[in-house]
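J.: Before I ask anything, let me first share the structure, which is written out below as structure tokens.
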Amino acid sequence: MNPQATPAIETFELVKRYGDAVALAGLTMAVSRGEVFGFLGPNGAGKTTAVKLLLGLASASSGSGWVLGEDLGARAARRRIGYLPELFRYQDWLSAREVLALHCALSDMPTARRAAEVEHALDTVGLARRADDRVGTFSKGMQQRLGLGVALLGTPELVFLDEPTSALDPVGRHDVREIIGALKRRGATVFLNSHLLTEVEHVCDRVAMIDRGRIVRIGSVTSLIGVATELRVRVADTSPQVDASLRRYGRVSFHDGWYVIHGIAQDRVPALVADIVAVGARVHAVEPHHATLEERFLQILRGPSNGAADDRSAGGP
Amino acid sequence: MALLTIALLAVREAARRRLLTAAAALTIVLVGLTGWSVSRLVSLHDAWKSPSTVALHASIFVILLAWGFSMVLAVGAAFLAAPAIASEVETGLILAVLPRPIRRSDFVLGKWLGLALLLGAYIALTAALEFATIKAVTGYLPPHPIAAALYLMGEAFVLMTLALFASTRVASMTGGIIAIALFGVAWIAGMVQTIAIAFNNQSIETATAAVGLLLPTDAFWRGAVFSLEPSAVVATANAAGRSAADNTPFGISAPPSTALLLWSFGWTAVVLSAAVLTFNHRDL
């Protein structure tokens, strides 16, 4: 069987118990090759445990899984994997260049390739100017950049990024998005574990939401947040006729000077605008609106009631 | 290759953390003090002018020095090896290393090799400098200086292996304390054993011998002492009978048996294998 035909990650009912505590309660999922996959969940949901099982850092209590077509923890798979741990720590008595060289050596990389790999990683994560400084003198953000560089060594087929921007400033976060984009363009699979949902929303193709050791939702970002079924309209010179016109397109509420029309199909927006104008109102702005991943995340984890909008009956100012 | 990479990393860490510098500085101080002490002792009494008396007194001095050195080695080996793996687990450093395509056995054995290189080199250099200094000042050289250094290495490696095994399972501090405490128990058992032999108490002798088998550091210490004793001292002690000869912690009438040495090598191999097995199954 062509190894490329296997998913990058596949798990079936993966369970991890620590004594009586269940950290992972039956993880079943598949991540395709070349996909940027987001793995979301509240603290203690089992995200890092799942990553540790996938990397062979911990063994599963039951269930099975494969990474790049190999059993969990297999060296053949680890040779093609890059990993940035959530708790990123590197030898503080080595320089950044030496840390990268060490990881090249541990990866069985041919000696001739190592220098170029190290330079490329330093350039990619923006540490070229501090390459010969000791890691102990680095800020947390710089150490996280170094960790990213380590994860990118050797052109890995699969990269695990566990909270890759937790210590980074906005520029660093932007750089990480660029790096993930570059990985995707060259066909690598990215497994992104992050609390920053806007970040996940921007870069991920699919997302799994995990809670109490189980996946509660999995799908494309679009399928999770849904297509826009809400329209926000700011109108001057409103009148009862405007309200009546809007109600023909869906349930209407009014928030902070905006009409919100719920359940409207996007192809009906031009007709709605034309109707408002026809009754003498002036349209200042029209914005389709869909739920953010964060809103969906909260809805799913807390239940729909907490994520519901604070609707009220339509009524102009 | 990963094993060698890890071993050399341990050596490089010692160098970067100035452990080698500190060890070198302390050794220079120790050797200087040794030279000064021996020269003062020689100048105190005319009796020291006799070559046989010089040999006798210098041999006692060397054995006492070796005893102090063995204690330093025991503490050094335990506190070097106890955090070798445990601290990397505690800090999370290991989370970046082990996902690389390396075997956990290579990681453990690489640590062992790196620490053995450090300890072995330290013991060889310090022993060479000490023996050379004593020879220069008194003209006396113990009968088997290389064997003595090798026995001290054996003692250090046994304790280092035990501490490394602890490091795969428990916190650095706990591992260090366990290794030092067990070393103390084994040393005291060795002392009690000599007393048991003197009083011909078979049950205590058997019990203390069993402790010596559970942690064979004392066998190596006895080998070191035997290697440092002038042959005349050993011959005199043997002529006085077994009990008299063994009735001192610093006077040994025979080197450790081949069987005991083989047991000690086997013990080291088994404990190191246990360290590998334990670490192989540890969740990180």
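The values are calculated or read from the model by the stated rules, or taken from the named source; none is laboratory data. Nothing here was measured: the structure is a model prediction, and the numbers come from that model. Positions of Cβ are generated from backbone atoms using ideal geometry, with glycine treated the same way; all protein chains shown enter the neighbour counts. Just so you know, the surface numbers come from the protein's heavy atoms only, side chains and all, with ligands and any DNA or RNA stripped out. Shrake-Rupley method; radii C 1.70, N 1.55, O 1.52, S 1.80 Å.
J.: Looking only at the range B:123-145, which residues are free of Cβ contacts under 8 Å to residues at least 60 places away in the same chain and more than 17 Å from B:Val72 (Cβ to Cβ)?
T.: B:Ala132, B:Lys135, B:Leu141, listed by residue number.
J.: For the range B:100-139, which residues satisfy the criterion of being open to solvent by less than 50 Å² (accessible area, probe 1.4 Å), part of a helix (DSSP H, G or I) and β-branched (Val, Ile, Thr)?
T.: The answer is B:Val108, B:Ile123, B:Thr126, B:Thr133, B:Ile134, B:Thr138.
J.: Could we say that A:Arg114 is in contact (Cβ under 8 Å) with a residue 12 or more places away in the chain, farther than 26 Å from A:Leu196 by Cβ and either in contact with a helix residue (DSSP H, G or I) (Cβ under 7 Å, 6 or more places away or on another chain) or within 13 Å of chain B (Cβ to nearest Cβ) (or both) here?
T.: yes
J.: Just give me the residues in the range B:193-210 being at pLDDT below 85, out of contact with any Ser or Thr (no Cβ under 6 Å at 6 or more places or on another chain) and among the β-branched types (Val, Ile, Thr), in sequence order.
T.: B:Thr194, B:Ile195
J.: Looking at the range A:80-95, can you tell me whether even one residue there is part of a helix (DSSP H, G or I) and closer than 20 Å to B:Ile102 by Cβ? Step through it out loud before you land on a result.
T.: Residues of the range A:80-95 part of a helix (DSSP H, G or I): none.
No - not one qualifying residue is present in the range A:80-95.
J.: B:Pro142 passes all but one of (1) assigned to a helix (DSSP H, G or I); (2) buried (at least 22 other Cβ atoms within 10 Å of the Cβ); which number fails?
T.: The single condition B:Pro142 does not satisfy is (1).
J.: Now, a different point. Name every residue in the range B:155-182 that is open to solvent by less than 10 Å² (accessible area, probe 1.4 Å) and closer than 25 Å to B:Ala224 by Cα, in order of residue number.
T.: B:Glu155, B:Ala156, B:Val158, B:Leu159, B:Met160, B:Thr161, B:Ala163, B:Leu164, B:Gly176, B:Ala179
J.: A:Ile210 - would you say it is in contact (Cβ under 8 Å) with a residue 12 or more places away in the chain, assigned to a strand (DSSP E or B), farther than 30 Å from A:Tyr249 by Cβ and within 15 Å of the chain's Cα centre (by Cα)? Walk me through how you get there before you give the answer.
T.: Values: in contact (Cβ under 8 Å) with a residue 12 or more places away in the chain: yes; assigned to a strand (DSSP E or B): yes; farther than 30 Å from A:Tyr249 by Cβ: yes; within 15 Å of the chain's Cα centre (by Cα): yes.
So A:Ile210 passes the test.
J.: Select from the range A:125-138 the residues that are farther than 19 Å from B:Glu13 by Cα and without any contact (Cβ under 8 Å) to a residue 12 or more places away in the chain and write down the one among them that is nearest to the chain's Cα centre (by Cα). Give the steps one after another, and end with the answer.
T.: Step one: list which residues in the range A:125-138 are farther than 19 Å from B:Glu13 by Cα, which gives A:125-130.
Filter again for without any contact (Cβ under 8 Å) to a residue 12 or more places away in the chain, leaving A:128-129.
Values: A:Ala128: 27, A:Arg129: 30 Å.
Ranking the qualifying residues of the range A:125-138, first place goes to A:Ala128.
J.: Return the pair list, or none, for Cβ contacts closer than 7 Å from residues in the range A:168-191 that are open to solvent by less than 50 Å² (accessible area, probe 1.4 Å) to residues that are aromatic (Phe, Trp, Tyr), at least 6 apart or on different chains.
T.: A:Val190/A:Phe37; A:Phe191/A:Phe37; A:Phe191/A:Phe39; A:Phe191/A:Phe160
J.: Looking at A:Val99, A:Val67 in this structure, which one is within 22 Å of the chain's Cα centre (by Cα), among the aliphatic types (A, V, I, L, M), modelled with pLDDT of 95 or more and in the same structural domain as A:Asp205 (by TED's automatic domain parsing)? First the steps, then the outcome.
T.: On the way: A:Val99 fails: within 22 Å of the chain's Cα centre (by Cα).
Checking each option against the conditions leaves just A:Val67.
J.: Is the range B:212-228 home to any residue that is at pLDDT below 85, at negative phi and charged (D, E, K, R)?
T.: Scanning the range B:212-228, I find no residue that is at pLDDT below 85, at negative phi and charged (D, E, K, R), so the answer is no.
Here's the yes/no breakdown for (1) among the charged types (D, E, K, R); (2) crowded, with 19+ Cβ neighbours inside 10 Å; (3) within 14 Å of chain B (Cβ to nearest Cβ); (4) closer than 17 Å to A:Ala151 by Cβ:
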{"site": "A:Ala21", "(1), (2), (3), (4)": "no, no, yes, no"}
{"site": "A:Ala45", "(1), (2), (3), (4)": "no, yes, no, no"}
{"site": "A:Val51", "(1), (2), (3), (4)": "no, yes, yes, yes"}
{"site": "A:Gly56", "(1), (2), (3), (4)": "no, yes, yes, yes"}
{"site": "A:Val67", "(1), (2), (3), (4)": "no, yes, yes, yes"}
{"site": "A:Asp71", "(1), (2), (3), (4)": "yes, no, yes, no"}
{"site": "A:Pro85", "(1), (2), (3), (4)": "no, yes, yes, yes"}
{"site": "A:Phe88", "(1), (2), (3), (4)": "no, yes, yes, yes"}
{"site": "A:Trp93", "(1), (2), (3), (4)": "no, no, yes, no"}
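J.: Further, regarding this structure: Listed residues A:Asp108, A:Asp175; which is outside any strand (DSSP E or B), within 30 Å of A:Ile218 (Cα to Cα), more than 13 Å from the chain's Cα centre (by Cα) and modelled with pLDDT under 95?
T.: Checking each option against the conditions leaves just A:Asp175.
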